[in-house]
Amino acid sequence: MRSVRTVVRTLIAGFLAVAGPVLAAPAALAHAQDVQQSYRTAGASSHQLTVSIDAINHSFATPASTITVSGTVTNHTGSPLSGVQVQLLTSAQYFYTREDMDSYAAGGTLGYIFPQPVSAPDVLTGTLHRGATMRWSASFTAAQAGYGAFGVFPLVAQAEYPDGVASGAGRTFLPYWPGNGYADPLNTAWVWPLIDQPQQGPCPQTLATNELAASLGTGGRLGTLLAIGQLWGQEDHLTWAVDPALLSDAQVMTRPYEVGFNSLCKGGKPERASSTAALWLSSLRAGTAGQPMFVTPYADPDAAALTHAGLAASLRAAYQLGDSVARKILPRPFGMTNADSPGGGGSPAVAWPAGGVADASTITSLAASGISAVLLNSNEMRSTTAPYDNATAATTTAAGKPVSVLLADAGLTRVLGSAPASSPAGAQFAAEQDFIAETAMIAAEAPFKRRSLVIAPPRRWDPSASEAAGLLSMTHSAPWLRDVGLARLATAAGSVKARQKLPAYQVGSTELSASFLDQVALVNSNVATFEDLLYRPGSGVLRQLDMAAAVMESSAWRADAAASGRLALTKLSDYLTYWEGKVQILTGTKLLLAGASGPAPVSVRNAGLLPVQVRVTVAVPANSKFSVGNIGTAGIIDPGKTWTLRMTVRSGAIGTTQLQLQLVTRNGTPLPWTSKPLSVEATQYGRALFVLIGAALGVLVLTAVARWIRRLNGTRAHGRPGGTG
C-alpha cells in the first residue's frame, strides 16, 4: 500500500532513473555500474571471491552512531590471494517502496540507487588461500554516508582483488532514524506461536513419535520459543498462540508413556516420565501468567479445508475440545475481551486459520464457533481505498455479520520463516536485518498516519535463540514501533467499518485434499458409532477418541506432511475396526420351528475391553406371514461376557423364511459388521402331533372304559341268586 509520500518517492525514483546517469560524474557512474554488476554475481559462485555480512553493531543508524559491519570473505578463485580488501558502500538515497527493497534483495538494480564507498576498505592481512575464509570488519558514520531523512538505505560489502577489481558483494539494509518527531510509531503486536504436530491417537498414554522430547528441551524448537518468549513477553507485549494438543501431548510425557502403537494399543516403545516435559509445562504456566493468550482449536485443524468439505461441525467440536483441554492444563481464561486484560469464558476470541488464509465461507464457520476476530495474512485483504499498510480491518460473514480482522504482515511472516535454526549465522543475521528494515519501511511509507502492525511468524516457527531474542530486542528498541499487544488492536478492529469482503469461496493450494477429508468424514462417523456403542464410557475414554479424531484434521498434515496425516487416520480407523469387531452375534445360521411359533435365543459376545449396550434388530421379508417378538430389550454386556436375548418367532405358513439379524446401539445406530442371516424353517408338525396324541389317548381311554364295563358286567352275572344250582 502506498501513501502520498510513497507516490512522490516513486516519481522521484523514475526521474532519477532517467536523469541520474546524466547528473552523476562519469567516474562515480562507472564505479556504481561495477558495483551493480557485482550484485548479480554475489554468492558462492565459482572462480571469484564471495563476501557475506553477518553482523552489524546497531540494527539501525542514528546521527550519533558509528556503524560497524563485519562478515567473511571466501576464496573460490582457485588460487591463493594476498591483499584482498572489502569495501563498504551505501547510498544517501533511501528506498521508496517495499517492492524496491524486494527487488534489491533479489539481486536487481534500481535506477535511483547508486552505492558509493563510505569508508576506507578493510585490507585483509596475510594470504587468503583457495577455499579459505577470513573475517573482515569496517566502520562508518551516518554523516559519512550522507543519511538525512528517516528511511531504509542499501548497505553493500564489496570484495575486491588487490588491484581493486570487484569480485563479489554481499548486501543488506540499514534503517536510519534521525530522531523523535520523524514518524508516529506503529502500534505493534507480536503473536508468539507454540504449535506442533499433534501426537496422540486413540490409545491413552501413547504418542505417535517421540519428537517432542528434544523439541521441549533446552535448545529445542519449543524450548527456545518458550524461553525467549518469557524473557521478552512483558517488554514486547507478546500474545501467545497455543495449540491445546501440544499441552496434552506434553502432559502425557510427564508420566510413563509409550511411543508407537497398533490397533490393540500394544507394540509401543516404553518411555520414562519426562522431567523436561514437566518443566516445560510448569514454565509455561508460571512464565505466561497474566499475559494474553489464545488457544487454537484442538490440534490446530485446517479450518478452511474443513469448511469446504462440509465439516464445519468438526471445527466447532475442535474448538470446544481445545478449550476444555487447555483449561485443565493451564487453569486460566483464554481469548481477549478488551485492550487491557485477558478474556474470560467461552470459546477463544481470536481465530488464526492455517497460513492466515480464509474465504467468506470459512469466516462464517469460525463466527459460528464463537469467534469475534480473525487473524489473517495481509495479502488476503489488500485495501483498495487506504494507501498504506494497516493491521486493523473488518469483513463480513456470508450472512452479512461483521467480523473484526487483524492482518499479519505477509512480508514479515516470509522474512521470519526464511532462516530456521539450522541456517548459517549469515542467513539468520540477514533475516533479522531484513525484518527491522521492513518495519522501518512500513513506517516510512506513511510516517504520520496512525496505523498498526501485527507480526505473526509461521505457526511452526523454528528460530535459533539468538535470532528470536534479536528480533524481539529490535522490536522493543526501534523508535518507529510501539509495543501494544494484540488485544488492543483487536479492540481497535472492532470499531472498523467492514468495507471489504473476502472471496465467497477459494481453495488454497496447500489445503488438506477433498479426497483425504472424505476419508476423515467416514472415520468420524465410525468414531461416533463406537462412542454410541459403549455403555456409560468415562469422560477420559470419550476425550481420547475425540482427540484422536481431531488429530486427523490438523493443518500440520498440509503439503509435505500429508503422509503423517494419512498414518494418523489409518491408525484410528484400524483401532475402531478391531475393537468394534469384538462385538458379535454368536447364534447359528439355521433354526427349526416345530410348529407355528416358538423361542429363538440370540447370543451376543463382547470380547472387547469396555462394556457395551446393544439391541437386536430382525429384518423380516416383506409380505411374509412371519413375525418376531420380544426384541426391544437392550443388553448391557461387560467385557468378556455373553448376553442372550430370548426372542419369539411366529410363522403363519409352512416353509423357510430368511431373516437378517443385526445389532444396533442404544440410540439405534446400526452396527453393520454384526449383520448375520438366520434361516427359520417352520414345519407346523407340532399341532398335528398334538391331535394324533390326543386321538390316541382318547382311544386308549375308551378302550379302557369298555374293558372295565365288560368286566363289571361279568362280575354281576356270576353273583345272581340260583346261578349255581
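The values are calculated or read from the model by the stated rules, or taken from the named source; none is laboratory data. Owing to the predicted nature of the structure, the values given are computational and were not obtained by experimental measurement. When we count neighbours, we look across all protein chains shown, and the Cβ atoms used for this are built from the backbone with ideal geometry, even at glycine.
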* To do: Look at residue 620 and say whether it is among the aliphatic types (A, V, I, L, M), in the same structural domain as residue 669 (by TED's automatic domain parsing) and surrounded by 18 or more Cβ atoms within 10 Å (Cβ to Cβ).
  => no
Expected output for region 166-188 (first residue touching a residue at least 40 places away in the same chain (Cβ under 8 Å), partner acidic (Asp, Glu), Cβ below 6 Å, 6+ apart or cross-chain) is 166/34; 166/160; 188/483
Among strands (runs of 3 or more DSSP E) completely within region 622-685, the ones holding 2 or more residues that are among the basic types (Lys, Arg) and in contact (Cβ under 8 Å) with a residue 24 or more places away in the chain are 641-651
Practice problem: Kindly establish whether residue 495 is under 24 Å from residue 360 (Cβ atoms) and not acidic (Asp, Glu). | Solution: yes
Filter region 532-567 for residues that are surrounded by fewer than 17 Cβ atoms within 10 Å (Cβ to Cβ) and charged (D, E, K, R); the one that is modelled with the lowest pLDDT is 560
Per the filter on region 603-617, residues aliphatic (A, V, I, L, M) and buried (at least 16 other Cβ atoms within 10 Å of the Cβ) are 604, 610, 612, 614, 616
In region 626-653, residues that are within 12 Å of residue 680 (Cβ to Cβ) and surrounded by 13 or more Cβ atoms within 10 Å (Cβ to Cβ) total 8
Over 30 Å from residue 482 (Cα atoms), surrounded by fewer than 17 Cβ atoms within 10 Å (Cβ to Cβ) and hydrophobic (A, V, I, L, M, F, W, C) - does that describe any residue in region 214-236?
yes
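In region 570-602, which residue that is among the hydroxyl-bearing types (Ser, Thr, Tyr) and under 13 Å from residue 649 (Cβ atoms) is surrounded by the most Cβ atoms within 10 Å (Cβ to Cβ)? Step through it out loud before you land on a result.
Filtering region 570-602 for residues among the hydroxyl-bearing types (Ser, Thr, Tyr) gives 570, 573, 575, 577-578, 587, 589, 597.
Then drop every residue that is not under 13 Å from residue 649 (Cβ atoms), which leaves 587, 597.
Working: 587: 18, 597: 16.
Once the filter is applied, the top-ranked residue is 587.
Looking at 274, 283, 263, 248, which is the one that is hydroxyl-bearing (Ser, Thr, Tyr), surrounded by fewer than 21 Cβ atoms within 10 Å (Cβ to Cβ) and in contact (Cβ under 8 Å) with a residue 60 or more places away in the chain? Before you say what the answer is, go through the steps one by one.
Numbers: 274 fails: surrounded by fewer than 21 Cβ atoms within 10 Å (Cβ to Cβ); 283 fails: in contact (Cβ under 8 Å) with a residue 60 or more places away in the chain; 248 fails: surrounded by fewer than 21 Cβ atoms within 10 Å (Cβ to Cβ).
When all the criteria are applied, what remains is 263.
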Residue 108: passes all of (1) surrounded by 18 or more Cβ atoms within 10 Å (Cβ to Cβ); (2) not in a strand (DSSP E or B) but (1)
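Let's see how each residue does on (1) surrounded by 21 or more Cβ atoms within 10 Å (Cβ to Cβ); (2) over 30 Å from the mean Cα position of the chain (by Cα); (3) at pLDDT below 95; (4) within 18 Å of residue 191 (Cα to Cα):
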position	(1), (2), (3), (4)
433	yes, no, no, no
440	yes, yes, no, no
448	no, yes, yes, no
457	yes, no, no, yes
463	yes, no, no, yes
472	yes, no, no, yes
476	no, no, no, yes
If we keep only residues of region 46-64 that are in a loop (DSSP other than H, G, I, E, B) and either in contact with a Ser or Thr (Cβ under 7 Å, 6 or more places away or on another chain) or hydrophobic (A, V, I, L, M, F, W, C) (or both), then the residue nearest to residue 176 (Cα to Cα) is 60
Going by the conditions given, is residue 516 surrounded by 22 or more Cβ atoms within 10 Å (Cβ to Cβ) and in contact with a helix residue (DSSP H, G or I) (Cβ under 9 Å, 6 or more places away or on another chain)?
-> no
The residue from 449, 401 that alone is on the phi < 0 side of the Ramachandran plot, among the charged types (D, E, K, R) and in contact with a helix residue (DSSP H, G or I) (Cβ under 7 Å, 6 or more places away or on another chain) is 401
Check: If we scan region 403-416, do we find a residue that is surrounded by fewer than 23 Cβ atoms within 10 Å (Cβ to Cβ), among the charged types (D, E, K, R) and closer than 30 Å to residue 51 by Cα?
Finding: yes
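If you take the residues of region 65-91 that are in contact with a strand residue (DSSP E or B) (Cβ under 8 Å, 6 or more places away or on another chain) and outside any strand (DSSP E or B), which of them is surrounded by the fewest Cβ atoms within 10 Å (Cβ to Cβ)?
If we filter region 65-91 for residues that are in contact with a strand residue (DSSP E or B) (Cβ under 8 Å, 6 or more places away or on another chain), which is where we start, we get 65-77, 80-91.
Applying the additional criterion that residues be outside any strand (DSSP E or B) yields 65, 76-77, 80, 83-84, 91.
Numbers: 65: 14, 76: 16, 77: 17, 80: 12, 83: 15, 84: 25, 91: 21.
Filtering first and then ranking leaves 80.
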